[in-house]
Amino acid sequence: MDTTSSPITTTHNPSNNNNIKIDNHNNQCPVCPSPESNPTTNNNNNVGKCFSTGRGLMEILHDPRRWIIDQYYLEVPSVVRPERRLLTLEIAYYLLSNNIEGDFVETGVYTGGTSILLVKSLQKWDTSGKRLLWAADSFEGLPAPGQNDKSAWGTIQKGAFSASLEVFKNNMIEFKTWDETKVKILQGWFKDSLPAAPINKISYLRLDGDFYDSTRQPLDLLYSKVTKGGIVYVDDYGSYEGCRRAVDEFRAEHGITSPLIPQRIPDPTEGFEAVYWYVE
């Protein structure tokens, strides 16, 4: 689920994780455009790839996309940190402006804060008008932590971070993002709700399940549907042991070498929470 500060206090130095590709000398992501690149045009093939370590909050406020940041990015009912909300928007803009084919899927939507941002992105930037947001959640809170979530034992109980479907819908309605033709609800535990979901192609797979099973199950069931050039975002990789293990094991088993990129952070030594990677 979305948490401002995870109950698990462990942080990780990107330089100590071989999966994380970041240059600690200048805090510049290796796939980002140079500082001289114009971030508001699509002339550079790398435009949009500097979310994690490129422009800061003040710089992006001068971007033509400022309307969505000013109006929604700090106002949505979300406990996701502002930096991760911004990254969520940046990824959505990149995928839509580069016409990466596929729907948006969010596993773990809680009260709907980041779902609101994703739908606002689709409303503004989906020129096809055909993409959907698939919102998957038990709407009963987290499952019980399993054997791979030992660091959470005694800290997080089954049902934590519970928000009802009614709360989710009401928040979407308040921000004018509730549209049954565009937002498809997948209610239930992921192992039950995802296998039969009629999702064809995915451009944005946003995982926010916290634990091992609730991270690994969406990867097992949905990753094959992510299109080339799409992005997988994992909100809790740097915070929850089980989540990190699920991602690392899945990537190793499937030979995924596309580097994990951490969210933008002022100082790489402070660790990180969210990561994402490009599907090649």
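Net charge in the neighbourhood of PHE190 (other residues with Cβ under 10 Å of its Cβ; Lys, Arg +1, Asp, Glu -1) is -2. Taking the Cα atoms of segment 134-280, the ratio Rg/Rh between the radius of gyration and the Kirkwood radius comes to 0.96. Once the chain from GLN147 to GLU249 is taken as fully extended at 0.36 nm per residue, the excess over their C-alpha distance is 35.2 nm. Here the Karplus curve 6.51 cos²θ - 1.76 cosθ + 1.60, taken at θ = phi - 60°, turns the phi angles of segment 214-222 into couplings of 7, 9, 5, 4, x, 5, 4, 8, 10 Hz, with x standing for Gly and Pro. Place a point 7 Å from the Cα of GLU174 along the Cα-to-Cβ direction; which residues of segment 110-141 have their backbone N under 12 Å from it? Once the point is set 7 Å along Cα→Cβ of GLU174, 111-113 turn out to lie under 12 Å by backbone N, inside segment 110-141. The modelled label-to-label distance for the pair LYS201/THR127, using points 7 Å beyond Cα in the direction of Cβ, is 1.6 nm.
Per-residue packing, averaged as other Cβ atoms within 10 Å, sorts the ranges 209-221, 116-128 into the order 209-221, 116-128, beginning with the highest.
Where a number appears in this text, it was derived from the coordinates with a stated rule and is not lab data. Since the structure is predicted, the reported quantities are computational estimates derived from the model, not experimental observations. All Cβ positions, glycine included, derive from the backbone under ideal geometry; neighbour counts span all protein chains shown.
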